[in-house]
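Visitor: I'd like to ask some things about the structure below.
Bear in mind these aren't lab numbers, they're just calculated from the coordinates by the rules spelled out. Everything numeric in this text was worked out from a predicted model, so none of it was measured. Note: ideal-geometry Cβ built from the backbone for every residue, glycine included; neighbour counts use all protein chains shown.
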Amino acid sequence: MIVGRLLLTWFPNPPQAIAAPLATLCDPYLNLFRGLIPPIGGTIDLSPILAFVVLDLFSNTAAALPCEMPPAGGKGGPRVPRRKAGRVARWMGAKKGE
């Protein structure tokens, strides 16, 4: 969406049916970085580069986080199907009896 918004800024009269919703969604995020990096020469805005770097940083950080959630019942640990749990229990019993 941000790439589409940036491409539409290159055209003098972009279609408002496309540009207005993209501006509504993307400009609040881009405005965070426009305050940090002023435009060069008054026309070239480099703040989207920083916006993409931060977005990539957060995406990679979120992908690196573990995502295991406890079951809805509130008891921790992974769920094991009953059939498999029986085999594992028998195997563990056999190991203890050695």
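Visitor: Cβ-Cβ distance below 8 Å, separation of 6 or more or different chains: which pairs start in the stretch 39-50 with a residue that is more than 12 Å from I2 (Cα to Cα) and end on one that is in a strand (DSSP E or B)?
Guide: Here the result reads L46/I40, each pair linking the stretch 39-50 to a residue that is in a strand (DSSP E or B).
Visitor: For the structure I just gave you, tell me whether A19 is of a type in the set (A, V, I, L, M, F, W, C) and either surrounded by 10 or more Cβ atoms within 10 Å (Cβ to Cβ) or at positive phi (or both).
Guide: Here the answer is yes, as A19 does meet what is asked.
Visitor: Condition check: surrounded by 13 or more Cβ atoms within 10 Å (Cβ to Cβ), touching a residue at least 24 places away in the same chain (Cβ under 8 Å) and of a type outside the set (D, E). Does L30 satisfy that?
Guide: yes
Visitor: Another question, then. With the requirement that a residue be more than 19 Å from the chain's Cα centre (by Cα) and over 17 Å from D45 (Cβ atoms), what does the stretch 1-35 give you?
Guide: Matches in the stretch 1-35: N13, P15, Q16, A17, I18, A20, P21, T24.
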